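Before we start, here is the structure in question, set down as structure tokens.
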Amino acid sequence: MDLLVKNGTLVTATDTYRADIRVAGEKIVQIGDALEADTGTLVVDATDKYVLPAGIDPHTHLASPGQGTTTADDYLTGTIAAACGGTTSIVNFCFQDKGDSLEHAVNQHIQSAAAKAVIDYGFHAMISDLTPSVVDEIATLPARGVTSIKLFMAYRGSMMVDDRTIIKTLAEAKRNGILVMVHAENGDAADFLQQQLLAQGKIDPKYHAPSRPPRVEAEATARAAALAEVVGASIYFVHVSCTEAVEEIQRARARGVDAIGETCTHYLYFDEEDLDRPSFEGAKWVYTPPPRGKHQPPQMWRAIAGGSLGIVASDHCPFNFDGQKDLGRDDFTRIPNGAPGIEERLIFTYQGVVDGRLSLNRFVDLVSTRAAKTFGLYPDKGTIAIGSDADLVVWDPAAELTISKSALHSSVDYTLYEGKKVRGLPDTVTLRGAVIVENREYIGQAGGGRFIARKPFTSHV
Ligand code: URP
Ligand code: ZN
Ligand code: ZN
């Protein structure tokens, strides 16, 4: 059924204006004033509402392993939560076990997503073991629509890679139109500090923060940026959490390195005191890098407002409090690292608009457009334009809600944002022209999402 979105205020990363949108099939075909509905066209009234390009979340861990367990959301529950939060595209990580091929890792995710995902999805390949055959595989990834590779500089003994792997991957990726993403923390330093704290009997969640301080992140950020500079590659920093790391990205950029920085919603809201909540509740805030000092969240808001960091992702990596987080009751290093946020991401980034920290256009860029451009989805996704996919969010700026686990859709058993009051919520969401969320409730169907073969990476500097 064709669709007409009427009377809304359209907001893109660059423009804000009143117009109607006509959708035929999956695409936007007309944008204009006072468009008339044809017989059989579904009309969505967006009076007093914004119409945004739907969110794109380039950092999710659905159906993913972590510290001996698996994330609590699969492709069905995780993408329903994403949709209800206004996100219609994700790029999920495919972990490579040591000795495994990238193809096998990606195929496993293609299989688990196919019958379940309710929104569109792409994949990042993750390399933990750069064998000669994996080096050869890198060149084959773009033909499969996988145009980014993730490397971990942390998690010594499991996913951490050495500097030779980093520079070689950067060089191969550059040759093949692939963007390298790094989790930048010095894994040796974090491991040393963890062991030192445990030896002193410091086993509680609050010790997660001193086990990986800001300089541990900043050092790895500077090192990875330098390696990218040496081979002339672009580099993407996931989940940047502190001003020390932002400064290293800025330094690299000042030297001409195409260093792109992402932060996550939780770094805008929480600090290390949350790790010290009583009754082991602090374990909910054990994500990596950890929540930082109280002065850091305001600085992260400034970094996203000013453009030092260009993307807000969720790093949705949900582990239940009961039965998963409690694996680390006697040892904080055994608490599965990660937190949920796929549904909360747009809502809580938008509070920056409510508070006057972000313009509406900057908000759209941070949660949608910049990710589309960086990860080979633009202009099919990430904007409102003729020919683009009709992935739209009708956003109600007047709606208010007190966030609670019961109001959200992930299958994880908590939200970091419990009790926080918000203004501005997604109301109706469309995926390629089909209404999948109405009044914040999901009305689509399992398997309605589609694999996105992403275009090769091109630098925007
Ligand atoms: O704590 C986190 N971020 N868990 C997910 C894995 C990662 O490092 O991104
Ligand atoms: Zn990470
Ligand atoms: Zn992550």
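The values are calculated or read from the model by the stated rules, or taken from the named source; none is laboratory data. Predicted model only: the values in this text are computed from it and were never measured. Positions of Cβ are backbone-derived with ideal geometry, glycine not excepted, and every protein chain shown enters the neighbour counts. Quick note on the areas: whole protein, heavy atoms, side chains included, nothing else; ligands and nucleic acids left out. Shrake-Rupley method; radii C 1.70, N 1.55, O 1.52, S 1.80 Å.
Convex hull volume of the Cα atoms in the chain, per residue, in Å³?
Spelled out: Cα convex hull of the chain, divided by residues, is 124 Å³.
For the pair residue 131/residue 43, report the inter-label distance in nm, with labels modelled 7 Å from Cα in the Cβ direction.
If labels sit at residue 131 and residue 43, their model points lie 6.2 nm apart.
In µm²/s, what is D for region 257-300 at 20 °C and 1.002 mPa s, where D = kT/(6 pi eta Rh) by Stokes-Einstein and Rh is the Kirkwood radius from Cα pairs?
Stokes-Einstein gives a translational diffusion coefficient of 189 µm²/s.
Ok, one more. Would you tally the net charge around residue 80, using a Cβ to Cβ cut-off of less than 11 Å, leaving residue 80 out, and scoring K and R as +1, D and E as -1?
-3
Calculate how steeply helix 243-254 sits against the longest principal axis of the alpha-carbon atoms of the chain, using the helix alpha-carbon long axis, and give the answer as 0 to 90 degrees to the nearest 10.
Roughly 80 degrees between the two axes.
Along each principal axis of its Cα atoms, how long is region 12-63 end to end? Whole angstroms, biggest number first, please.
Taking max minus min along each principal axis of the Cα atoms, region 12-63 gives 43, 27, 19 Å.
Percent antiparallel among DSSP beta bridges with both residues in the chain, to the nearest 5?
Around 45 percent antiparallel, to the nearest 5.
May I ask you to give the solvent-accessible area per residue for region 389-460, in square angstrom, as obtained with a 1.4 angstrom probe? Could the numbers behind the result be given before it?
Numbers: 3070 Å² over 72 residues.
In whole numbers, region 389-460 has 43 Å² accessible per residue.
Could you report region 1-142's accessible area per residue, 1.4 Å probe, as an integer in Å²?
Value returned for region 1-142: 36 Å² of accessible area per residue.
Here is a further query. For labels at residue 16 and residue 459 in the simple 7 Å Cα→Cβ model, what's the distance in nm?
Each label point is offset 7 Å from its Cα along the Cβ direction, giving 3.4 nm.
Can you give me the P(r) profile for region 278-342? Cα pairs, bins 10 angstrom wide beginning at 0, each as a whole percent.
19, 43, 27, 11, 0
Report the gain in length on full extension from residue 326 to residue 400: 0.36 nm times residue separation, minus Cα-Cα distance, nm rounded to one decimal.
Working it through step by step, the gained length comes to 23.3 nm.
I'd like to know how region 158-198 sits against the 2.2 N^0.38 Å rule of thumb: what's its Cα Rg over that expected value? Write out the running numbers ahead of the final one.
On the way: Rg = 13.7 Å, N = 41, 2.2 N^0.38 = 9.0 Å.
Here the Cα radius of gyration is 1.52 times the empirical estimate.
Grab the DSSP H runs of the chain that are 4 residues or longer, score each as -39,500 (n - 2.57), total them, divide by all residues and round the 222 nm result to the nearest 500 deg cm²/dmol.
It comes out at -8000 deg cm²/dmol, rounded to the nearest 500.
Next question. Provide the packing ranking of 376-382, 106-112, i.e. peptides ordered by the mean count of other C-beta atoms within 10 Å per residue, highest first.
With the highest mean Cβ count within 10 Å placed first, the list reads 376-382, 106-112.
If the viscosity is 0.890 mPa s and the temperature 25 °C, what Stokes-Einstein diffusion coefficient in µm²/s follows for region 194-303 when Rh is the Kirkwood radius over Cα pairs?
167 µm²/s
From the C-alpha gyration tensor of region 345-409, pull out the three semi-axes of the equivalent ellipsoid (sqrt of 5λ each), sorted largest to smallest, in whole Å.
In descending order, the three semi-axes are 24, 14, 12 Å.
Please compute the per residue accessible area over region 211-338 with all protein chains in place, 1.4 Å probe, rounded to a whole number of Å².
On a per-residue basis, 32 Å².
Let me ask something additional. Could you tell me how many degrees, from 0 to 90 and to the nearest 10, lie between the Cα long axis of helix 163-175 and the main elongation axis, the longest principal axis, of the Cα atoms of the chain?
Computed tilt is about 30 degrees.
Grab region 322-461 and count how many Lys pairs have their alpha-carbon atoms under 14 Å apart, sequence gap of 8 or more, or different chains.
Step by step, the pairs that qualify in region 322-461 add up to 5.
Around residue 31, under 15 Å between beta carbons, what's the net of Lys plus Arg minus Asp minus Glu among the other residues? Could you put the intermediate results ahead of the total?
On the way: positive: 6, 18, 22, 27; negative: 2, 15, 20, 33, 36, 389, 391.
Residues close to residue 31 contribute a combined charge of -3.
What residues qualify as long-range amide H neighbours of residue 277, i.e. H under 5 Å apart, gap of 5 or more or another chain, H built at 1.01 Å from N?
282
Grab the eigenvalues of the alpha-carbon gyration tensor for region 262-387, scale each by 5, take roots, and send me the semi-axes largest first in whole angstrom.
Output for region 262-387: semi-axes of 30, 17, 11 Å.
Sorted by mean Cβ packing within 10 Å, highest first, what order do the peptides 337-345, 270-278, 71-79, 449-457 take?
The densest-packed peptide leads the list: 337-345, 71-79, 449-457, 270-278.
What percentage of the solvent-accessible surface of the chain, computed with a 1.4 Å probe over protein heavy atoms, is contributed by carbon and sulfur atoms?
49 percent
Okay, moving on. Just for the Cα atoms in region 1-107, what are the lengths along the principal axes, largest first, rounded to whole Å?
That gives 59, 25, 23 Å along the principal axes, largest extent first.
Hey, another quick one. Using just the C-alpha positions of region 344-460 as equal point scatterers, what log10 of I(q)/I(0) does the Debye formula give at each q in 0.11 1/Å?
For region 344-460, the Cα-only Debye profile gives -0.43.
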